[in-house]
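The structure under discussion appears below in the form of structure tokens.
The values are calculated or read from the model by the stated rules, or taken from the named source; none is laboratory data. This structure is a prediction, so every number in the text was calculated from the model and none was measured. Cβ atoms come from the backbone with ideal geometry, glycine included; neighbour counts cover every protein chain shown. What goes into the accessible areas is simple: the full protein's heavy atoms, side chains included, and nothing from ligands, DNA or RNA. Shrake-Rupley method; radii C 1.70, N 1.55, O 1.52, S 1.80 Å.
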Amino acid sequence: MSRYAMLVLAIGAVLGVGVAGGLVASLGGGSPAVGSGQYRGSEVPGGITMRDFSLRNYDGRSVRSSDLAGRVTLLTFLDSQCTESCPVIAWTVARTIDTLTPAERQGVRAVAISTDPAEDTERSVRSFLEENRALGRLLYLGGGEPERELRRVWDDFDVLSSLESGEDTLHSAPVRIYDRSGEWVTTLHAGADLTEANLAYDVRVALRSGGDES
């Protein structure tokens, strides 16, 4: 999907997913839809693995993509100033983590990457996570990092940032699931197929596939 199509999906977070779906379809990019395979989220191209990154969590701890190896990873892109899709995503991801058994939680990591590192200060991110009951459940990376480093990550994951759009609420906000082997297996979208039930279901499918547990 092109970055222009990503912009249309971001607009859908504000105008409604039906509007976004129609616009994306008109661009030939397809719209978020429940996949026909084993996952409830949208189908994704096969064989795409987690891109390399090394970013700081809001608490100063360094997190590398290699640290996620052997675990199912929920990856999304947020802006702590966003008042539309971001609170919904953070809340849903956190509640989903809470529904997992202790053994399942050991095999899962939920990660958000900032789409506006200058505004995503430690104070702003912590407040956002607390308000959405996601503190301790969702890593929030990249706040305060150099813009050039985040631009490289956005490009690698082919997402539109709120810094680039100029609007806190206008950015790519997929919830991607990577299995234990690091392969991207499905994507869920706020306002479409992102629910606690769907996310928990897809996490459990991914836990049962994609390589051995570390």
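Residues in segment 57-214 average 40 Å² of solvent-accessible surface per residue, probe 1.4 Å, ligands and nucleic acids excluded.
Extent along the principal axes, Cα only, for segment 73-214: 40, 30, 28 Å, with the longest axis given first. At a 1.4 Å probe, what is the % contribution of carbon and sulfur to the accessible area of segment 144-214? In segment 144-214, the share of accessible area belonging to carbon and sulfur is 43 percent.
Given 0.36 nm per residue, what is the gain on full extension from THR101 to SER66 after removing their alpha carbon distance, in nm?
This chain segment gains 10.2 nm when fully extended.
Ranking PRO146, ALA134, THR115 by Cα position along the charge dipole of segment 77-150, where only Lys, Arg, Asp and Glu carry charges on their C-beta atoms, puts ALA134 farthest toward the positive end. Rounded if a/c is under 1.5, else prolate if a/b beats b/c, else oblate: with a ≥ b ≥ c from the C-alpha gyration tensor eigenvalues square-rooted, which is segment 41-137? Because its axes are fairly even, with a/c under 1.5, segment 41-137 counts as rounded.
Separation of segment 151-213 from segment 44-108 is 8 Å, based on Cα centroids. Solvent exposure of PHE77, expressed as accessible area, is near 0 Å², computed with a probe of 1.4 Å over the protein chains only.
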